Structure formats: C-alpha cells, structure tokens
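One structure is given here, and the rest of the page talks about it.
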Amino acid sequence: MPLADLVPIQPLPPFVAAEQVTDVLLARYAALIYRRTGIRVSPQKKTLLSNRLRRRLRETGIESFEAYYRHLSALPPGDPEWDAFLQEITTHETYLFRDEAQWRWFSRDYLAQKAEEGRAGARRVLRIWSAACSTGDEPVTIACCVAACLPNVERWNVHILATDIGKGALEQARAAAFGERAMRLVPEEYRRRFFTKAKDGPLWHARPVLTRMIVYRQHNLMEPLAGPPFDLVFLKNVLIYFDTESKKTVVRHLTAAIKPEGLLVTGAAEGVGDLLKGFVRLQPWLHRKPGKQA
Ligand SMILES: C[S@@+](CC[C@H](N)C(=O)[O-])C[C@H]1O[C@@H](n2cnc3c(N)ncnc32)[C@H](O)[C@@H]1O
C-alpha cells in the first residue's frame, strides 16, 4: 500500500518555506537585540537572521517572523525563549590557548611575577574574570596556566569567574569537556597533567585541579557586575559585534570591576583601546588600569 494512503499529507506550514524577514522587521529585530545585548545586527545579516529565526519558529510552533517578534519582545530577558534565541544569534567560536602570545605573557610574565610576590610573602590571592567565556575554553586555559605556573597552587586562593550571556554556552562550559579541535593548541604536557580522556571517547575532560578554581555565571556585559573587583580580566572576541555606544557601556562596567593597577586583556581586534580612559596600553591587547592616585 502506498505510504500516502496511510499518512495524510499535510501542506508544509508557511514558516518552513524559504521566506526572509522584511527590511522593516529586520530593523525591529536589530533594535530589540541591540537593546538587550549591545550587539549590532547589520542589514547584511538578513539571510543569516532569517535562517536562525526559522529554527526558533519550528521549535516554538509560532507561525510568522512577525508573531515571534511580538512574542519575544514581550518576554523578560531571563525567559528560556530569550536564552534559546540568543544561542541562535550569537557567535560562540572559541578554543583553548586561542591567541598563544597572550598565554605566553600570562604564564611567563604575569604568573611568574605573582609566584615571586607570593614567595616574598604577599597574599596568595588571585581573582580573574573571563568576561565572555562562551563554552568555557578560555577559563579552562586560564586555570591550566595557573596550575602549571604557580608553585604550590593548592596554597593559593584562585578564583576564576567565567560569565557569558548565553545559558546554553554556559551549560556546555560547566561540563568542561572539549573535543580534539578545541584542544588543538594545548601542549602535550598539559593534556597529560590536567585532562582525562577515555580510550575511545572523543572528549578531553578537565580535571578537578582546574575546574575547582572556576565559577560559572550568566551575565550580560551591558549590566554592571556585582562583587569584589578583579586583578585581571579577559574580554576577548566579543566587542567586535558591538557599536561604540555599547562598547562604552561595557567599558564603564569593566573599569569598575578591575582593581586599581589591575589588567585587562582584550582580543587584538576588540576596538576598545581609545575608550579605556586613563589605562596604560602595554601591548595592543594588554591594558593597565590606573592606580588609586591617578
Ligand atoms: C566568540 S565568543 C568569545 C569566547 C572567548 N572569549 C574567546 O575569545 O575565545 C563570544 C561570546 O560573547 C558572548 N556575548 C555576546 N554578547 C554578550 C553580552 N552582551 N554579554 C555577555 N556575553 C555576550 C556570546 O554569547 C559568546 O559566547
């Protein structure tokens, strides 16, 4: 018996068709995304946004881009549908030891100096913030360097805060498991010391010596961060999606979250150098906050 006789053939719902958001609706979505995240969606992203939206329409059963816009704009920021939407529209590309020169500086200069200060009797406390941590590769890289470069690391109080706006990315980060592609720059010695991998399993799992230093939390960079300030902040490959106004807001919150004389590491193309008023530029990607008197 032909299958068609058994299963009534339904017409495809309109949202499955290869339809695109109109220019007017694209502008409304862009304004909504901008208000909530600081991210600029350019008109060139029309096809991309339409494809990502189509996935949300399929998931939610909402029948049009217009109706989904109305639904989304009425929801508070913490609603699970916002999390799912943000997961679709943000870029999560990351891997361990991304930008190797920065990790060389962190290990050989920054941590070597901290170790020296610790030996000389300074408080063995280190507070580091990975401010857009995506799936956790960056905070685990920080932890690897700390575990490798601070002698007697167990006698140090190291606190690594890892935040991201994306709940899905954070869930993956908390699992602290990485595929071969994400691990491609991890030195052989670090793989052996700080990760485990089942013989036939595809994933490398960070050992507790790393994960116990890290606390994960959802946070939008457009909001201030509560809590004590940090010695060092990593803010990499995120503000490239922001316009100058949003960057200024993020920089204001970041500045408040860094201790006097504390350091900020950015991506090479972050485009915040000119906005960091009073900071000393030590490298194109490394900035020192002024001390109390400055
Ligand atoms: C390309 S990843 C960068 C990951 C990592 N810092 C690196 O350089 O490899 C960008 C991350 O920024 C996050 N993001 C985008 N807008 C944000 C916002 N307003 N607040 C916090 N995180 C945001 C995204 O969810 C994404 O995980």
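Bear in mind that the values in this text are calculations on the coordinates, not laboratory data. Every value quoted in this text rests on a predicted model; they were computed, and no experiment measured them. Cβ placement follows ideal geometry from the backbone for every residue including glycine, while neighbour counts extend to all protein chains displayed.
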For CYS149, CYS133, CYS144, order by how many other beta-carbon atoms lie within 10 Å, fewest first: CYS149, CYS144, CYS133
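According to the Cα gyration tensor, what semi-axes, each the square root of 5 times an eigenvalue, does the equivalent ellipsoid of the range 71-151 have, listed from largest to smallest in whole Å? Mind showing how you got there, number by number?
Values: eigenvalues 268, 46, 13 Å².
Semi-axes from the Cα gyration tensor: 37, 15, 8 Å.
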Under 16 Å from LYS45, Cα to Cα: aspartates and glutamates that are on another chain or at least 8 residues apart: GLU19, ASP23, GLU88, ASP243
Karplus 3J(HN,Hα) series, Hz, for the range 221-229 with 6.51 cos²θ - 1.76 cosθ + 1.60 (x for Gly, Pro): 4, 6, 10, x, 9, 7, x, x, x
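Multiplying the sequence separation of ARG155 and ALA27 by 0.36 nm and subtracting their Cα-Cα distance, what value in nm do you get?
That works out to 40.7 nm of additional length.
Quick check on the exposure proxy: order TRP82, TRP285 from fewest to most C-beta atoms within 10 angstrom.
Numbers: TRP82 17, TRP285 20.
Arranged by neighbour count, lowest to highest, TRP82, TRP285 become TRP82, TRP285.
Just order 173-181, 114-122 by mean Cβ neighbour count inside 10 Å, highest at the front, would you?
Values: 173-181: 16.7, 114-122: 12.6.
So the order, starting with the most tightly packed, is 173-181, 114-122.
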Proximal aspartates and glutamates relative to LYS277, as straight alpha-carbon distance under 16 Å, when same-chain residues fewer than 8 apart are discounted: GLU245, GLU261
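Order these peptides, 160-167, 247-254, by their mean beta-carbon neighbour count within 10 angstrom, highest first.
Working: 160-167: 23.1, 247-254: 17.9.
Packing proxy ranking, top to bottom: 160-167, 247-254.
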Burial order of peptide ranges 20-26, 228-234 (average beta-carbon count within 10 Å, highest first): 228-234, 20-26
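Once fully extended, how much extra length lies between HIS92 and GLN218, figured as 0.36 nm per residue of separation less the alpha-carbon to alpha-carbon distance?
Numbers: separation 126, 0.36 × 126 = 45.36 nm, distance 1.46 nm.
Taking 0.36 nm per residue and subtracting the Cα distance, the gain is 43.9 nm.
In the structure displayed, which of LYS259/LYS292; LYS167/LYS247; LYS46/LYS236 lie more than 19 Å apart, Cα to Cα? Walk me through the intermediate numbers first.
Values: LYS259/LYS292 9 Å; LYS167/LYS247 22 Å; LYS46/LYS236 26 Å.
Exceeds cut-off: LYS167/LYS247; LYS46/LYS236.
How big is D for the chain, in µm² s⁻¹ as a whole number, if Stokes-Einstein is applied with the Kirkwood radius of its Cα pairs at 10 °C and 1.306 mPa s?
So the translational diffusion coefficient is about 75 µm²/s.
Counting helices only, and only those DSSP H runs with n ≥ 4, report the 222 nm mean residue ellipticity of the chain as the sum of -39,500 (n - 2.57) divided by its residues, in deg cm²/dmol to the nearest 500.
On the way: 12 runs with 115 residues, N = 294.
The per-residue figure over the chain is -11500 deg cm²/dmol.
Grab the other residues whose beta carbon is less than 11 angstrom from that of GLY262, score K and R as +1, D and E as -1, and report the net.
Working: positive: ARG127, LYS259, ARG288, LYS289; negative: ASP231, GLU261.
It works out to a net charge of +2.
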